[in-house]
Amino acid sequence: IPSFYAIFLFLFSNLLSTLNIDLDITKDYLKYLYDNGISKNSISRKLSSIRGFYNYLVKENIIDSNYFNSIPNPKKELYLPKFLNDEELNKIFSVCEDDTPNGERDTLIIELLYATGIRVSELVNIKLKDIDIYNDSIKIRGKGNKERIVFFGSFCKSALEIYLDEGRKELDKKGSIYL
């Protein structure tokens, strides 16, 4: 149910007016949402749009105050990250043909993403000078142009060395500064 319909349905079913809301009614509405199994994220979105609506009513001098401003959003639900098991990971790596330049590049891409947790946008912006093969690390420029160092393991290092020694020479005809 969209945010406005939910509040109007609640008010209508309790024979309440949209314009005569007090703090107790806002708390009852919040309880109504929880009792109906609405997720915390959905409740936050509903409260945000309802606050906006009632702030508009206050601004237009239709009502005196917005009691929804005194109700905090519920804390966001935290989810554990999903991970790949060995079989799924092997399936991903099996699509790469290791003995071709494209296969070496694709293997390195998957290894870097998996080993370091970097974003694809960060991966495509890695410059050769940012790679420290001796310390198994790469300087990454992330969101907001912030720099950080990420480390990689032996499998990724091996894929990186193979690509730099073989595949990249075949694929990079223009001498790019990017990996």
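The values are calculated or read from the model by the stated rules, or taken from the named source; none is laboratory data. All figures in this text were calculated on a predicted structure; none of them were measured in a lab. Neighbour counts are summed over all protein chains in view; Cβ atoms, including those assigned to glycine, are modelled from backbone coordinates with ideal geometry. Note: accessible area is taken over every heavy atom of the protein model, side chains too, but ligands, DNA and RNA are not part of it. Shrake-Rupley method; radii C 1.70, N 1.55, O 1.52, S 1.80 Å.
Once both labels are positioned 7 Å from their Cα atoms along Cα-to-Cβ, the gap between residue 19 and residue 174 label points is 6.5 nm. Computed from backbone phi with θ = phi - 60° and the Karplus coefficients 6.51, -1.76 and 1.60, the 3J(HN,Hα) list for region 144-150 is x, 6, 7, 9, 8, 9, 10 Hz; x is used for glycine and proline. Each residue of region 158-170 is assigned a 3J(HN,Hα), and the resulting list reads 4, 5, 5, 5, 4, 5, 5, 6, 10, x, 5, 4, 7 Hz, derived from the Karplus form 6.51 cos²θ - 1.76 cosθ + 1.60 (θ = phi - 60°), x at Gly and Pro. Mind pulling the angle between the C-alpha long axis of helix 101-116 and the longest principal axis of the chain? Nearest 10 degrees, somewhere in 0 to 90. Computed tilt is about 50 degrees.
Running Debye on region 1-81 with equal point scatterers at the Cα sites and no solvent, what base-10 log of I(q)/I(0) appears at q = 0.25 Å⁻¹? Normalising to I(0) and taking log10 leaves -1.35.
Note on region 25-179: Kirkwood radius taken over Cα pairs, Stokes-Einstein applied at 20 °C and 1.002 mPa s, translational D equal to 107 µm² s⁻¹. Between the Cα long axis of helix 3-13 and the first principal axis of the chain there is an angle of about 30°, rounded to the nearest 10.
Computing FRET efficiency as 1/(1 + (r/R0)^6) for residue 63 and residue 36, where r is the C-beta to C-beta distance and R0 is 45 Å, gives about 0.95. How high is the relative contact order of region 26-127, in percent, with contacts defined as C-alpha pairs under 8 Å that are six or more residues apart? Answer for region 26-127 is 19 percent.
Ignoring the sites themselves, the chain has its longest run without GluC sites (Glu not before Pro) in a DSSP loop having at most 10 other Cβ atoms within 10 Å at 78-179. Of the residues 55, 120, 80, the one whose Cα sits farthest towards the positive end of the charge dipole of region 49-133 is 55 (charges of +1 on Lys and Arg Cβ, -1 on Asp and Glu Cβ, taken about the Cα centre). Using a cutoff of 8 angstrom between alpha carbon atoms and counting only pairs six or more residues apart, the relative contact order for the chain works out to 17 percent.
Once the 1.4 Å probe is applied to the protein heavy atoms, the chain comes out at 69 Å² accessible per residue. For region 62-67, 3J(HN,Hα) computed residue by residue from phi via the Karplus equation (6.51, -1.76, 1.60; θ = phi - 60°) reads 8, 10, 7, 8, 10, 6 Hz, glycine and proline entered as x. Using alpha carbons only, how many degrees (0 to 90, rounded to 10) separate the axis of helix 40-59 from the longest principal axis of the chain? Once rounded, the angle reads 50 degrees. Counting only residues at least eight positions apart within a chain, or on another chain, the lysines with an alpha carbon under 28 Å from that of residue 139 are 82, 127, 129, 157, 169, 173, 174. With each label modelled as a point 7 angstrom along the Cα→C-beta vector, the residue 56-residue 139 pair spans 5.0 nm. Counting only Cα atoms, the size of region 113-164 along its three principal axes is 31, 20, 16 Å, in decreasing order. Measuring gaps between exposed loop sites in the chain (trypsin sites (Lys or Arg not before Pro); DSSP loop; at most 13 other Cβ atoms within 10 Å), the longest gap, sites not included, is 1-74. Sparse packing (at most 11 other Cβ atoms within 10 Å of the Cβ) combined with a DSSP loop state is found for the following chymotrypsin sites (Phe, Trp or Tyr not before Pro) in region 89-140: 134. Note on the chain: with a GNM built from Cα contacts shorter than 10 Å, the maximum mean-square fluctuation among 24, 106, 136 falls on 24.
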